[in-house]
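Note sheet for the following structure.
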Amino acid sequence: MDNNIKNLAAIIVVAMILTGGLLWVKDSKTGNNNAPDIVIRYLSASTIIEPYEFAKELGYLGGINITREGSYTGGPDDIIAIASGSIDVGHSAWVAIINAKARGSEITAFAAPMGNSPKSWFEGNPFLSKWIVLENSSIRSAKDLVGKKIAVNIMGAHVDYVTREYLARNGISMDQVQLVPIGITNHEQVLKQGQVDVVAPLGIVVNKIEESKGVRVLFSDYDIIGDQTHCVLFTSDKFLKENPEAVKRLTDGIAKAADWAKEHPKEAQELAAKILKDKGANPDLAKYWKGFGVREHALLADSDAQFWIDWLVKDGKIKEGQFTPADIYTNQFNPYYEK
């Protein structure tokens, strides 16, 4: 009897240990599955398609909840928002990032959101911006821009500085033209009403204006800077230090989304239409979207940053040797990066 009781007691103890162990494993697993997503906030214009928006739709952001906080007119807005802590990641031109760092901003670029790589463009030559005039305009070359008004989305960003490069190559100084900051959704209207002489819209708005009658292209950013990742995704150094795993997961998702878009152009345009609709834009504009135009895996390159470092040195905005590409960006969070 005593032996039976001892045996039964032993069985109960073992069962409790096993059950407890199984319950612990289950609870641990459940805890991981139910762990709250890391929220990463961003700004984006309704007509701009971001690679992390693709990544979110494709399920590539495991554990990351990327949340749009509103719209913006250009990269400098994102730099201000990052500094204020109202967003976590931003999208800006190299030149704006370098200028901000020269003024003391502690920010670092970590992935490519869009560029001019023909290898990841669906058709034709890639571009972010084109400089467009009326068909009957007397403007045929750079010298014809003297005394004219050029609409740009925002001062201090990509369009502003590509315009400066174009003019400089043709011996025209900035004080010989007038840059007018106007939101890109109004570019067609201000051009056709004669309020400006040239407009330089971005992305799918370019195609929409081109498709309308009575306009022609003067030049594109691809004509000026060639195959270059012209914009970067960036965040504060503080966010990088405190959330390295989140940035790694975000970068991985961006890389996968960019590669997926390149390999599935038809499906990518369909997804672009959904994203545009969700952001309150016209989904029909997706027919103009031709890809992200970034290098494989959304990797950044020294040549991208060095072009604009050299430009700003030449323009007197920074000193020779003040920055190297490694001071501006890192690929260390990209799982596809090989040193």
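Only one entry of Val162, Val196, Val180 meets the criterion of being under 25 Å from Tyr72 (Cβ atoms) and in a helix (DSSP H, G or I), and that entry is Val162. Only residues that are loosely packed, with under 14 Cβ neighbours inside 10 Å and either assigned to a loop (DSSP other than H, G, I, E, B) or of a type in the set (Gly, Ala, Ser) (or both) were counted in segment 318-339, giving 8. Only one of the listed residues (His158, His187) is in contact with a Cys (Cβ under 9 Å, 6 or more places away or on another chain), buried (at least 22 other Cβ atoms within 10 Å of the Cβ) and not assigned by TED's automatic domain parsing to the domain that holds Arg295. That residue is His158. Considering the conditions (1) assigned by TED's automatic domain parsing to the domain that holds Pro283; (2) among the polar types (S, T, N, Q); (3) closer than 22 Å to Pro181 by Cα, Ser137 is excluded by exactly one of them, (1).
Could you please let me know if Ala81 is in the same structural domain as Leu299 (by TED's automatic domain parsing), in a strand (DSSP E or B) and either in contact (Cβ under 8 Å) with a residue 24 or more places away in the chain or buried (at least 24 other Cβ atoms within 10 Å of the Cβ) (or both)? So Ala81 fails the test. Looking only at segment 133-144, decide whether some residue is closer than 30 Å to Tyr42 by Cα, of a type outside the set (A, V, I, L, M, F, W, C), in contact (Cβ under 8 Å) with a residue 60 or more places away in the chain and part of a loop (DSSP other than H, G, I, E, B). No, segment 133-144 has no match at all. Being farther than 22 Å from Gly203 by Cα, small (Gly, Ala, Ser) and surrounded by fewer than 19 Cβ atoms within 10 Å (Cβ to Cβ) is the requirement here; does Ser236 meet it? Here the answer is no, as Ser236 does not meet what is asked.
Just checking, which of Ile107, Ile98, Ile48, Ile40 is under 23 Å from Ala281 (Cα atoms), of a type in the set (Val, Ile, Thr) and modelled with pLDDT of 95 or more?
On the way: Ile107 fails: under 23 Å from Ala281 (Cα atoms); Ile98 fails: under 23 Å from Ala281 (Cα atoms); Ile48 fails: modelled with pLDDT of 95 or more.
The unique qualifying residue is Ile40.
One residue stands out among those in segment 190-216 that are closer than 30 Å to Ala111 by Cα and of a type in the set (A, V, I, L, M, F, W, C): the one that is surrounded by the fewest Cβ atoms within 10 Å (Cβ to Cβ), which is Ile209.
Considering segment 232-300, the qualifying helices (runs of 4 or more DSSP H), each wholly inside and each with 1 or more residues that are in contact (Cβ under 8 Å) with a residue 12 or more places away in the chain, under 17 Å from the mean Cα position of the chain (by Cα) and farther than 22 Å from Ile79 by Cα, run over 244-263, 265-278.
The values are calculated or read from the model by the stated rules, or taken from the named source; none is laboratory data. All of these numbers come straight from a predicted model, not from anything done at the bench. Cβ coordinates were reconstructed from backbone atoms using ideal geometry, including for glycine residues, and neighbour counts include every protein chain displayed.
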